[in-house]
Structures are given as C-alpha cells and as structure tokens.
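Following: one structure in structure tokens, then a few remarks.
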Amino acid sequence: MKPCVDGASFDDPQTRRAFLRRSALTLAIPGVGAALNACSPREGNRSTDSGRAAAATGAASGTRAPGQVHNSDSRLDSAVLKAEHGPGTSATGTAAQGAANAAFHRFAPELPALPGGGSQRIHFHAREAPVRIDDSTVVAAWTFEGDVPGPIVHTRVGDTVEFTLTNDVDVPHSMDFHAAQLDPAQAFKSIIKGQSLTFTFKPRYAGAFMYHCGTSPVLMHIGSGMFGAIIVSPRKALPAAKEFVLVQNEFYLAAAANGVRASDYQKMLTTMPDVVAFNGRPNQYTKEPIRVKLGDRVRFWVVSAGPSHSCNFHIVGEQFDTVYLGAPPGNAVRGVQTFTVPPGGGMVYELVCDIPGEFPFVNHGFGHGQKGAMGILVVEA
Ligand SMILES: [Cu+2]
C-alpha cells in the first residue's frame with residue numbers, strides 16, 4: 001500500500017479527491033497551509049515518491065515522521081509557499097529577481113515547422129522568471145522554459161513525443177499534456193527541485209491541445225504561467241495555409257513590489273482577472289499585427305489556457321469558413337462568426353483572406369477582450 005493522507009490508500013479515488021480538495025484550500029486557509037508546510041518536500045518527506053519512481057530519475061526517498069500528515073507525490077503541492085515568500089503569490093525564489101532588466105519580446109505566433117523523422121525529444125525546465133508582459137508590467141512568473149506561455153510544440157498524429165521535465169526550483173511542478181493519453185499518477189506526477197521525469201506518447205487525435213503544470217493547486221500553477229500549446233497535425237496535411245497559434249490566458253496580479261507583480265491566488269479564486277492576453281502579452285498583436293497576403297488561407301490554432309475563462313474567438317469583418325471542433329479535418333462547422341474555446345480546450349479556425357484590410361481578432365466576451373485579448377490580422381493586398 002502506498003503511504004498517503006491519514007493512512008488511507010492514495011489509490012482510492014475518494015482519498016485522492018479529498019486530498020485535492022484540501023490542497024486547493026491550502027492557500028486559502030492559513031492554518032491548513034501551515035499544517036501542510038510541515039510536510040513540504042524541504043522536510044524530506046518523500047516516501048511516496050520512492051514508491052512511484054519508475055518513470056522518474058533522481059527520485060528521493062524519506063521517512064514519514066510520526067503523526068505527520070503525508071504529502072502525496074503526485075500531489076506535492078504549493079504548501080512550500082512559505083510566509084517569507086508571501087503566502088499565496090508567485091513571488092517565490094527567483095520569480096521576482098532581476099525584474100527591472102526583464103525585456104519585452106513579442107511572442108512569435110507562427111506555428112513552428114513539423115519536425116521530421118516521426119519523433120521528437122523535448123526537454124523543458126520548470127523555472128521561475130520575471131516576464132515583462134507590457135511596458136509597465138513585469139510578472140513574477142512560474143514557467144516552462146522561462147516564458148509565458150511555454151514553447152509551442154508541434155507534432156503529428158501517430159508521431160512519437162518523448163518529453164522530459166526537469167524542475168529547477170523549490171516549488172514542486174509537473175507536466176500534463178492534453179494531447180497524451182497516459183496514467184496521470186505516473187506521467188503527470190509532481191517532481192521536486194533537481195528531479196527529472198520522462199514520458200513518451202503518440203497523439204491519437206489532431207487538434208490544438210493545452211499543456212500545463214498539474215501540481216496542486218492547479219489554479220495557482222496555471223494562473224502563475226505554467227501552460228502552453230501542443231499542436232497535433234493530422235497525418236494527411238490540411239489545406240495549405242498560414243498557420244498561427246494563439247493561447248489565451250488570464251493574469252491575476254498583486255500590486256507591484258520592487259517593480260514586479262506577483263500572481264495572486266486569492267484573486268484567481270475570484271475569477272476576475274486584471275489582464276487577459278493572447279500568448280502572454282495583452283494587445284501585443286494590436287501593437288505589432290499578424291500579417292498575411294491577400295488570398296491566403298489562414299489557420300488559427302486557438303487554446304484557452306484559462307485558468308478559468310473561455311475564449312469566444314471572433315474576427316471583426318471576417319467569417320470563418322471552417323471551425324474544427326476537434327480532430328481536424330473531422331468535426332468541421334462551416335460559416336461561423338464566433339466559436340468558444342473552453343478553458344483547457346482548443347479549436348481550429350480557418351478563413352480565406354480575400355479582402356484586404358485590418359481585421360481585429362478578439363475574445364468577443366468583451367470584458368475579456370478589453371483586458372487585452374485582442375489583436376489585428378493585416379491582410380496586405
Ligand atoms: Cu507548477
């Protein structure tokens with residue numbers, strides 16, 4: 001039997017659910033947070049890790065102190081957000097260091113070319129980094145590979161993806177690819193600083209899929225920047241097009257301290273974001289639009305990372321000739337003005353740019369569009 005909360009088996013879904021509920025409250029209730037701090041990985045309580053180390057390298061083991069509440073490996077949680085870091089915010093460790101020097105860069109929206117050979121190896125590091133999302137705002141972010149969102153991954157149905165996550169920081173992290181079908185207790189489990197974990201999958205369906213850190217509370221990890229898109233092309237190529245990837249997310253930010261704004265867990269719980277953005281920067285494609293040529297077919301792979309809101313994707317002055325609800329080229333809906341991507345979902349939008357001009361693409365839920373989920377598609381004659 002695996003060690004677990006209150007001595008019950010963690011294989012029991014009820015126990016898992018109870019722990020998840022408790023973890024989600026960790027940051028909301030200081031007393032609970034303090035109790036779980038007592039079993040954070042820093043205290044070396046990692047015995048469940050050793051029991052599930054098959055897929056991990058460098059997994060540590062430890063002994064449970066008498067009377068200590070155990071912290072599950074796959075639910076190693078953010079109880080390590082100790083008071084000295086400001087409980088309930090992302091301003092931990094290196095997330096806020098060097099914020100003044102964090103330079104803005106436009107996140108390239110172009111779909112990367114498909115790697116050849118039918119397989120690829122990807123190695124991400126979980127890192128903390130100050131990320132400048134506009135002229136006046138630097139976010140103390142938790143990231144994959146130092147940016148928000150993480151790198152765009154492009155693969156194909158049936159190709160092999162071998163993925164490795166290495167955790168460089170004090171907070172436990174993990175990786176959950178929505179394009180994969182795997183036992184999450186093994187593949188998506190949390191790892192602590194210095195550990196690496198590798199898993200392999202072959203996507204079964206084409207589409208725009210989210211990836212994210214799944215460490216509890218997931219809201220905190222996605223809300224602090226640990227998400228991205230994996231685009232799975234079908235075996236038979238879709239019609240030739242200019243292809244772009246848009247990942248919408250919300251930022252819930254504390255007031256600036258030392259030039260950086262932390263992500264605020266309590267604010268995340270309210271689901272009232274300060275900023276909503278495509279590819280991590282509000283209005284970046286309004287300031288520097290996406291450009292195509294007259295006559296181009298354009299394909300947007302749109303993911304809503306949330307953590308809590310959908311993206312009601314619409315292009316002003318245009319219509320989508322096709323929206324693929326999933327697994328393109330199947331599930332095609334024709335002649336669409338707006339279609340909603342749920343948080344944790346992805347859809348594919350196509351249009352033929354047969355009219356020159358500047359076409360705003362927006363989250364037509366305008367409370368969110370107004371907070372930055374807007375851009376411009378320029379069709380050059
Ligand atoms: Cu994480």
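The values are calculated or read from the model by the stated rules, or taken from the named source; none is laboratory data. Because the structure is predicted, anything quoted here is derived from the model rather than measured. We place every Cβ from the backbone using ideal geometry, glycine too, and count neighbours over all the protein chains shown.
For residues that are in contact with a Gly (Cβ under 9 Å, 6 or more places away or on another chain) and not in a strand (DSSP E or B), scanning just the range 235-264, find the one that is surrounded by the fewest Cβ atoms within 10 Å (Cβ to Cβ).
Residue satisfying both the conditions and the ranking: ARG235.
Restricting attention to the range 171-214, and to residues there that are touching an Asp or Glu at 6+ places or on another chain (Cβ under 8 Å) and among the hydroxyl-bearing types (Ser, Thr, Tyr), which single residue is nearest to the ligand (Cβ to nearest atom)?
Among those residues, the one meeting the criterion is SER190.
Look at VAL352 and say whether it is surrounded by 20 or more Cβ atoms within 10 Å (Cβ to Cβ) and of a type outside the set (Phe, Trp, Tyr).
no
Residues to consider are VAL260, VAL247; find the one that is more than 12 Å from the ligand (Cβ to nearest atom), within 11 Å of the chain's Cα centre (by Cα) and over 21 Å from THR164 (Cα atoms).
From the options VAL260, VAL247, the qualifying one is VAL247.
When the residues of the range 265-297 are narrowed to those that are in contact with a Leu (Cβ under 9 Å, 6 or more places away or on another chain) and surrounded by 22 or more Cβ atoms within 10 Å (Cβ to Cβ), which ends up farthest from GLY346 (Cα to Cα)?
Out of the qualifying residues, it is TYR265.
In the range 153-168, how many are of a type outside the set (Ser, Thr, Tyr), within 16 Å of the ligand (Cβ to nearest atom) and either within 17 Å of the chain's Cα centre (by Cα) or crowded, with 24+ Cβ neighbours inside 10 Å (or both)?
Residues flagged as of a type outside the set (Ser, Thr, Tyr), within 16 Å of the ligand (Cβ to nearest atom) and either within 17 Å of the chain's Cα centre (by Cα) or crowded, with 24+ Cβ neighbours inside 10 Å (or both) within the range 153-168 amount to 3.
Any residue at all in the range 337-353 that is in contact with a Pro (Cβ under 7 Å, 6 or more places away or on another chain) and within 22 Å of VAL292 (Cα to Cα)?
Looking through the range 337-353, at least one residue is in contact with a Pro (Cβ under 7 Å, 6 or more places away or on another chain) and within 22 Å of VAL292 (Cα to Cα).
Give the residues of the range 217-234 that are surrounded by 24 or more Cβ atoms within 10 Å (Cβ to Cβ) and either assigned to a helix (DSSP H, G or I) or more than 12 Å from the ligand (Cβ to nearest atom) (or both), sorted by residue number.
MET220, HIS221, ILE222, GLY223, GLY228, ALA229, ILE230, ILE231, VAL232
Could we say that PHE251 is modelled with pLDDT of 95 or more and over 26 Å from GLY335 (Cα atoms) here?
Yes, satisfied.
If THR143 satisfies all but one of (1) over 14 Å from GLY259 (Cα atoms); (2) surrounded by 20 or more Cβ atoms within 10 Å (Cβ to Cβ); (3) away from the ligand (no atom under 14 Å from the Cβ), what's the number of the condition it fails?
The single condition THR143 does not satisfy is (3).
Does ALA241 qualify as being among the hydrophobic types (A, V, I, L, M, F, W, C), more than 26 Å from GLY146 (Cβ to Cβ) and without any contact (Cβ under 8 Å) to a residue 12 or more places away in the chain?
It is false that ALA241 is among the hydrophobic types (A, V, I, L, M, F, W, C), more than 26 Å from GLY146 (Cβ to Cβ) and without any contact (Cβ under 8 Å) to a residue 12 or more places away in the chain.
Can you tell me which condition SER90 does not meet? The list is (1) modelled with pLDDT of 95 or more; (2) within 16 Å of the ligand (Cβ to nearest atom), and all the others hold.
Among (1) modelled with pLDDT of 95 or more; (2) within 16 Å of the ligand (Cβ to nearest atom), the lone unmet condition for SER90 is (1).
Counting residues that are among the hydroxyl-bearing types (Ser, Thr, Tyr) and under 30 Å from MET268 (Cβ atoms), which strands (runs of 3 or more DSSP E) fully inside the range 308-374 reach at least 1?
Passing ranges, in order: 338-341, 345-352.
Scan the range 228-245 and tell me whether some residue there is farther than 30 Å from ASP354 by Cβ and aliphatic (A, V, I, L, M).
yes
Any residue in the range 208-232 that's touching a residue at least 12 places away in the same chain (Cβ under 8 Å) and more than 18 Å from ALA108 (Cα to Cα): show its pairings with residues that are in a helix (DSSP H, G or I) and β-branched (Val, Ile, Thr) at Cβ separation under 9 Å, as long as the two are six or more apart or on different chains.
HIS212/VAL218; HIS212/ILE222; CYS213/ILE222; GLY214/ILE222
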